[in-house]
Amino acid sequence: MNALDIINKTKRKQVLNYEEISWLVNNFTNGNIPDYQMSAWLMAVCLNDLTEEETLALTYAMRDTGETLRLEFANSVDKHSTGGVGDKTTLIIGPIAAACGMKVAKMSGRGLGHTGGTIDKLESIPGFRTDLSIEEFKSIVNENGFSVIAQNTDLCPADKVMYALRSATATVDNIPLICASIMSKKLATDADCLLLDVKYGSGAFMKTRRDAERLGELMEKIGIAAGKKCKAVISDMNEPLGRNIGNSLEVMEAIEVLRGDSRGELCETCIDLAAEMLYFGGNGDMDECRKMASEAITSGRALEVFRRTIELQGGDPRVCDDLKLLPQPRCSYVIRAMNDIEILAINCEELGMVSMLLGAGRLTRDDEIDYSAGIVMNCKAGDKVTAGSTLMTLYSSICSDFSEAALRALNAVDYRRTGRSASGDR
Ligand code: URA
């Protein structure tokens, strides 16, 4: 077998068999196939796609480059989001599901580019450790029902090297490649049920609902073929989820929801997703599961789960009572409407990039992040805003010159002028 023949086959839309895909993945992971050949194959996949059988073969081949975990929890459920902006749902749904008796053992990633990562959010809590041993992880899930750790380096090494290459060669946004990347990691851990939150819109990898549905269907098929209970839900990422973007800012918003202080759209989305998890785990019909999820918040039980997980993972649980104990930014910059306007749309990916520019995210895997940085949004598409009102506030501890970030943030908002300017002019 050789790489050139495999690249040529995909280029000519000929179907690869399992042996060929596995050979390619193993030899690239071991360093025997150079980046330029793997890049050529990835680009051929982007142009011609893979069949379902090839995607399943790619998923298995990637999974089998590393260890697989045996966690052996009964009633375990995992939830995976395909990536978005301001997506702090894991911090809310995990404690809700655990408060309702499920075992949520979650391995998460760090943020890269415009999308945030759950691990960075949790690490913004002073002392919080995500590098637990598998034994510690299991023991926290057994005691408290909810734990999140960073993706184990021995799990799916192929995905690490392939994802890095895809990021550098514009080959991320292909449905079979995304499916194999996510599902290989999910199949390497062993939750009974897997809820996939597939996002579409300006802040997601999939820009259209149709593509998100295709990705969701493919991931479900691969999960089911591998023996999992698997369900994909499609959700809108044309706007940030909730108001806050950035690590400690998102933890603050998640705690507000868990405290029951914020019953808006974010809370409703989380109740819906948690209900899907509970339903999936056989806890009743959807109405009953929604009620259970909602009661986990109103009773304070979900907040208690979150507080205990923070404590068990070495963090300061007092953040649940006093949000000021989370990293606070040194500088801020308020962006106001110059005129009476109506917000038409928000470019969510661009806001993710602005947040990264402020220090909340990484351009490359080794970049340091500023946990306090980010954006608090005061507007959504469809809002009518009066001149002088705050559209959003930018926060950072490392950036005192906000000019580039502010310009890009303002350009991310599409609006139409409806009336007077802040100085009273028409
Ligand atoms: N998330 C992943 O883990 N992999 C992808 O390819 C895209 C999103």
(request) Give me Lys79, Lys11 ranked fewest to most by other Cβ atoms within 10 Å of their Cβ, as a rough exposure proxy. (result) Lys11, Lys79
(request) Name the long-range amide H neighbours of Leu194: under 5 Å, sequence gap of 5 or more, or other chain; modelled H, no Pro or chain starts. (result) Asp78, Lys229, Cys230, Lys231
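Whats the longest run of the chain with zero GluC sites (Glu not before Pro) that are DSSP loop and have at most 16 other Cβ atoms within 10 Å?
Longest run free of exposed loop sites: 73-367.
Of Asp159, Asp173, how do they rank once you tally other Cβ atoms within 10 Å and put the fewest first? Spell out each step's value before the answer.
Numbers: Asp159 24, Asp173 14.
The order, fewest Cβ neighbours first, is Asp173, Asp159.
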(message) Quick check: residue separation of Leu344 and Arg209 times 0.36 nm, minus the Cα distance between them. What number comes out in nm?
(response) 46.7 nm
(request) Report, in whole Å, the centroid distance computed from the Cα atoms of the stretch 196-222 and the stretch 92-147. (result) 24 Å
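Pulled fully out, how much extra length does the chain show between Thr364 and Asp173, if you take 0.36 nm times their separation in residues and subtract their Cα-Cα distance? All intermediate terms of the calculation are to be shown ahead of the outcome.
Values: separation 191, 0.36 × 191 = 68.76 nm, distance 1.77 nm.
Answer, rounded to one decimal: 67.0 nm.
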(request) Quote to one decimal, in nm, the extra length available between Leu325 and Ala164 on full extension: 0.36 nm per residue of separation minus the C-alpha distance between them. (result) 54.5 nm
(message) Given the options Ala274, Phe402, Pro317, identify the residue whose Cα lies farthest towards the positive end of the charge dipole of the stretch 274-406 (+1 on Cβ of Lys, Arg; -1 on Cβ of Asp, Glu).
(response) Pro317
(request) With label points built 7 Å along Cα→Cβ from the Cα atoms of Glu217 and Asp131, find their separation and express it in nm. (result) 4.4 nm
(request) Would you mind telling me the antiparallel percentage of the DSSP bridges in the chain, rounded to 5? (result) 50 percent
(request) State, as an integer percentage, the relative contact order of the stretch 1-132 based on alpha-carbon contacts under 8 Å between residues 6 or more apart. (result) 19 percent
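If I take every Cα pair under 8 Å that is 6 or more residues apart in the stretch 294-426, average their sequence separation and divide by the length, what percent do I get for the relative contact order?
Details: 216 pairs, mean separation 43.6, N = 133.
Averaging sequence separation for qualifying contacts and normalising by length gives 33 percent for the stretch 294-426.
Given a Förster distance of 30 angstrom, what is the FRET efficiency for Lys291 paired with Asn142, based on the Cβ-Cβ distance and rounded to 0.05? Display every interim value, and only then the final one.
Numbers: r = 27 Å, r/R0 = 0.88.
The formula returns an efficiency of 0.70 here.
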(message) Neighbour counts of other C-beta atoms within 10 Å: give me Arg63, Arg362, Arg330 arranged from fewest to most.
(response) Arg330, Arg362, Arg63
(request) Go through Thr59, Gly109, Ala97 and say which Cα lies farthest out towards the positive end of the charge dipole of the stretch 22-152; charges sit on Cβ, +1 for Lys and Arg, -1 for Asp and Glu. (result) Ala97
(message) Below 8 Å between Cα atoms, with a sequence gap of 6+, how large is the relative contact order for the stretch 72-189 in percent?
(response) 23 percent
(message) Under the rule of at least 5 residues apart or a separate chain, name every residue whose amide H is placed under 5 Å from the amide H of Leu391.
(response) Ile335, Arg336, Ala337
(message) Need one number: nm distance between label points at Val233 and Asp5, each 7 Å from Cα along Cα→Cβ, rounded to one decimal.
(response) 4.7 nm
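Read-outs throughout are calculated quantities, based only on the coordinates presented, and are distinct from any laboratory measurement. Note that this is a predicted model, so its numbers are computed, not measured. Every residue, glycine as well, gets a Cβ built from its backbone with ideal geometry; the counts of neighbours run over all protein chains shown.
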